Amino acid sequence: MNPVDVRKGSSPVILGLPHTGTHVPPEIWDRLNDEGRRLADTDWHIHRLYDGLLPEATTVRATFHRYVIDANRGPEDESLYPGQNTTGLISRTDFDGRPIWKEGAAPDAAETQGRLAAFHAPYHAALAAEIARVKALHGVAVLYDCHSIRGTIPFLFDGRLPDFNIGTDSGRACDPRIEAAAAEIAGAADGYTSTVNGRFKGGWTTRHYGRPDDGVHAIQMELAQATHLEREAEPFAYDIAKADRLRPHLKAILERIESIALTLNS
């Protein structure tokens, strides 16, 4: 299976989808324990949730699961949140701190390098190529990184997450108008809660590609999964009614970002 699926569009907006893939090669699957095989930390159905909201947006989607290797971590595996519990380039545990590998089966450094080459690098090569293509079309590109997570995970954070978690690396990854637009629309969404640069400030993708001075802007949207799943537990089923209520707000955010992007190089 190709590690990355790319759908080219003419919009200045690119949707990054690093965590919706569920493919695990058999030789890796055999080494996951029962907990790991649940694939519980998937960004469930996010590609479906965003499908068609901005028809001309480019999408770059990893098809492999984050337990194979995490496409939203840097190749040097530096911590995104020093001093806090988090998961790395190749997770040893799930989001609840439980081991996901059979005894002695966790990948070593050499295997990690192999997975970087086979999965991580092709995803980011495709993403970088689309950013360059879109920037050549418009003089600017906006990477909108799509994520979701369970709203309550004591191992990673206290309490319950807001529904919309906007991350811009504390404002460094994008023009302030992009951050403000996303925050305004999310904040006005009736029945939802939101925050900007709270527990999630943007992963490696947002921090690495977001270079506003060079015409590349990045913003991460981490959604609480209760906004679009029947429940934040197996079988992690998509809730059409919930999703249909959420999608107009996401569409409004994307359309506003696209509109702003088209003015940034004028």
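The values are calculated or read from the model by the stated rules, or taken from the named source; none is laboratory data. For clarity, every value in this text was computed on a predicted model and none was experimentally measured. Cβ coordinates were reconstructed from backbone atoms using ideal geometry, including for glycine residues, and neighbour counts include every protein chain displayed.
Only residues that are of a type in the set (A, V, I, L, M) and either out of contact with any strand residue (DSSP E or B) (no Cβ under 9 Å at 6 or more places or on another chain) or farther than 15 Å from His147 by Cβ (or both): list them for segment 197-244, please. Before the answer, list the steps.
Applying the first criterion (of a type in the set (A, V, I, L, M)) to segment 197-244 yields 216, 218-219, 221, 223-224, 226, 229, 233, 237, 240-241, 243.
Residues satisfying the conditions are Val216, Ala226, Ala233, Ala237, Ile240, Ala241, Ala243.
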(request) Enumerate the pairs (first residue in segment 90-101 and on the phi > 0 side of the Ramachandran plot; second residue anywhere and part of a loop (DSSP other than H, G, I, E, B) and modelled with pLDDT under 95) with beta-carbon separation below 6 Å, excluding pairs fewer than 6 apart on the same chain, so at least 6 apart or on different chains. (result) Gly97/Phe155
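Search segment 72-92 for residues being within 23 Å of Asp34 (Cα to Cα) and crowded, with 18+ Cβ neighbours inside 10 Å, and hand back the single one that is modelled with the lowest pLDDT.
First, pick out the residues of segment 72-92 that are within 23 Å of Asp34 (Cα to Cα): 85-92.
Still in the running and crowded, with 18+ Cβ neighbours inside 10 Å: 87, 89-91.
On the way: Thr87: 89, Leu89: 95, Ile90: 95, Ser91: 94.
Ranking the qualifying residues of segment 72-92, first place goes to Thr87.
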(request) Could you tell me which residue of segment 219-232 is surrounded by the fewest Cβ atoms within 10 Å (Cβ to Cβ), considering only residues that are hydrophobic (A, V, I, L, M, F, W, C) and either touching a His at 6+ places or on another chain (Cβ under 8 Å) or part of a loop (DSSP other than H, G, I, E, B) (or both)? (result) Leu229
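Quick check on my filter: what residues within segment 162-194 are aromatic (Phe, Trp, Tyr) and out of contact with any Asp or Glu (no Cβ under 7 Å at 6 or more places or on another chain)? Step through it out loud before you land on a result.
Of the residues in segment 162-194, the ones aromatic (Phe, Trp, Tyr) are 164, 192.
Result: Phe164, single match.
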(request) State yes or no: is Asp169 free of Cβ contacts under 8 Å to residues at least 60 places away in the same chain and more than 15 Å from the chain's Cα centre (by Cα)? (result) no
(message) Checking Asp158 against (1) acidic (Asp, Glu); (2) exposed (fewer than 13 other Cβ atoms within 10 Å of the Cβ); (3) modelled with pLDDT of 95 or more, only one condition comes out false. Which one?
(response) (3)
(request) From Arg177, Arg160, grab the single residue that is within 19 Å of Lys242 (Cβ to Cβ) and either outside any strand (DSSP E or B) or charged (D, E, K, R) (or both). (result) Arg160
